[in-house]
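Working notes for the structure below.
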Amino acid sequence: MKETKICVIGLGYVGLPLARLFSTKYQTVGFDMNQKRCDALMAGHDATLEVSDDLLQDAIKNHGFVCTSDIEKIRDCNFYVVAVPTPVDADNNPDLTPLVGASTTVGKVISNDDVVVYESTVYPGVTEDECIPVVEKVSGLKFNVDFYGGYSPERINPGDKQHTVEHIKKVTSGSTPEIGKYVNEVYSSVITAGTHLAPTIKVAEAAKVIENSQRDINIAFVNELSKIFTKMGIDTLDVLEAAGTKWNFLPFRPGLVGGHCIGVDPYYLAQCAQRHGYNPEIILAGRRMNDGMGEYVATQTLKLMLKKGIQVVGSNLLILGFTFKENCPDVRNTKVIDIYNALKEYNINITVYDPWANPTIVGHEYSIKVVNELPQQKFDACVAAVAHNNFEGLNILHLLKEKHVVFDVKCTLDRTIIDGRL
């Protein structure tokens, strides 16, 4: 087989770290339709903060890594990796539009004996039944005769500087046994944590989609426990800490479930099940529970305000954090917006403070204002929604009026200063 030259299509949270890593061993080109994104990366800075400036600049300077939006510059590659988002639409149906677009791009440049590997989260069958036919149609080539395919699900954890791409075991697969071995060899050459070669592409797809579905269901369970114990006047965290002393108790905590994986993947699995005539009950029940937690937090906060005699309408409320998780700028599918929207219905003056979130992106995606500087005013209530390290040591009481409410979503604040938590 000819020397491997890699093109990673989609330079977001998944694609860029992978492309940078591949560049340490192979000639690698990163392709993204967003020219501004490519320009910023070539200038040596990743706005997602997944790849440090030092690593990115080293890849460009010492390994010849190039980012481009020019399709002609990826035509001579022979190992294409698709790492584009796979969201859901307003009705929570899988939106394969980005995948179809990326497959069209691959179809325009792929040649004989080339391989295209998909990393985007999908339900079993999408790679071979939805994506590959697009490549065939555009290229005029025949699958498993003229070109080949593979699937290696991404496992990126945004903001996690310990479990980076090379330190996370990788599942791989190929459209033939020989291609599976080749795909596995390419990944194993840069993934220090090792790889697992799945027997088929569909098995690899299924493995990915259940990973986050399992986590979603477990979080939904403790979210339901939180609602039950709150009604009973029992602290949920105390219960979980006590139960956690058993060796096989799983240490999940209640909270908001957003982001591009856990809050999305179960819908892909659910639709796949429905297509095969099975109506999933536990998966969708978990989704309903977790999707309702933002409104639940808002309702609990309002109840606490009313109990303290705080006038809700016209009150001033501070939300700490807006990103979907701590210590990263990713605001995709953040459930903090649900808290905001539910509280806004009561004509509350809401200030959202998040030093990690990009106000321009938040304004464009959610049509609300986020500030990066701590506001200098007194608030009637505070919802601590995201546990950024920046908030450690923050004197929340200094920001609040004498009569106030503090609701702790992440259970990280001193319990002596809070009025409620999940």
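The values are calculated or read from the model by the stated rules, or taken from the named source; none is laboratory data. Everything quoted here is computed from the prediction, not taken from an experiment. Neighbour counts are summed over all protein chains in view; Cβ atoms, including those assigned to glycine, are modelled from backbone coordinates with ideal geometry. Note: areas computed on protein heavy atoms with side chains; ligands, DNA, RNA excluded. Shrake-Rupley method; radii C 1.70, N 1.55, O 1.52, S 1.80 Å.
When the helices of the chain are scored as -39500 (n - 2.57) per DSSP H run of n ≥ 4 and the total is divided over every residue, the value at 222 nm lands at -11000 deg cm²/dmol.
Applying a 4.7 Å Cβ-Cβ cutoff to the chain leaves CYS131, CYS261, CYS272, CYS328, CYS382, CYS411 as cysteine residues with no disulfide-compatible partner.
I'd like to know how the chain sits against the 2.2 N^0.38 Å rule of thumb: what's its Cα Rg over that expected value?
1.06
Taken over segment 6-95, the convex hull of the Cα atoms encloses 99 Å³ per residue. Full extension of the chain between ASN112 and GLU166 gives 16.5 nm of extra length, using 0.36 nm per residue less the Cα-Cα distance. Largest first, the residues ARG37, ARG215 sort by 1.4 Å accessible area into ARG215, ARG37.
Each of VAL117, VAL14, GLY140 was placed along the dipole of the chain (beta-carbon charges, centred on the mean Cα), and the one lying farthest toward the positive end is VAL14. Once backbone amide H atoms are built at 1.01 Å from N, CYS382 has LEU318, VAL405, VAL406, PHE407 as its partners under 5 Å, excluding neighbours fewer than 5 places away on the same chain. Screening the chain for whole DSSP H helices with an alpha carbon extent of at least 27 angstrom along the helix axis and a mean Kyte-Doolittle hydropathy of at least -0.5 yields 201-232.
For segment 250-365, the extents of the C-alpha atoms along the principal axes are 52, 33, 30 Å, listed from largest to smallest. Where nothing but the Cβ of Lys and Arg (+1) and of Asp and Glu (-1) is charged, how large is the charge dipole of segment 20-99 around its Cα centre, in debye to the nearest 20? With Lys and Arg at +1 and Asp and Glu at -1, about 340 debye.
Considering all different alpha carbon pairs of segment 156-216, the Kirkwood hydrodynamic radius works out to 12.3 Å. Of the Cα atoms belonging to segment 138-290, the radius of gyration and Dmax stand at 19.5, 66 Å. In vacuo Debye scattering of segment 67-114, one point per C-alpha: log10 I(q)/I(0) at q = 0.20, 0.23 Å⁻¹? So the normalised log intensities are -0.72, -0.85.
In whole angstrom, how far apart do the alpha carbon centroids of segment 351-388 and segment 78-116 sit? Measuring centre to centre over Cα atoms gives 34 Å. Between amide H atoms placed 1.01 Å from N, distances below 5 Å from LEU197 occur with THR172, all of them 5 or more places distant or on a separate chain. Here the chain is assigned +1 on the Cβ of each Lys and Arg and -1 on the Cβ of each Asp and Glu. Its dipole about the Cα centre then comes out at about 780 debye.
Accessible surface comparison of MET232, MET289, probe 1.4 Å, protein chains only, largest first: the order is MET232, MET289.
Rounded to the nearest whole Hz, the Karplus-based 3J(HN,Hα) values (6.51 cos²θ - 1.76 cosθ + 1.60, θ = phi - 60°) of segment 7-14 follow the sequence 10, 9, 9, x, 10, x, 4, 8, with x at glycine and proline. Ratio of Rg to Rh for segment 33-153: 1.00 [Cα atoms; Kirkwood radius as inverse mean 1/r over pairs]. Excluding residues fewer than 8 places away in the same chain, name every one of the aspartates and glutamates whose C-alpha is closer than 16 Å to that of LYS36. Cα-Cα hits under 16 Å: ASP46, ASP70.
For segment 90-155, GluC sites (Glu not before Pro) meeting the loop criterion (DSSP other than H, G, I, E, B) and having at most 14 other Cβ atoms within 10 Å: none.
Looking at segment 304-422 from every direction and averaging, what is the projected area of its Cα convex hull in nm²?
6.8
Secondary structure note: in the chain, about 5% of the DSSP beta bridges are antiparallel. Binning all Cα-Cα separations of segment 252-305 at 10 Å, short to long from zero, yields these whole-percent fractions: 21, 43, 25, 10, 2.
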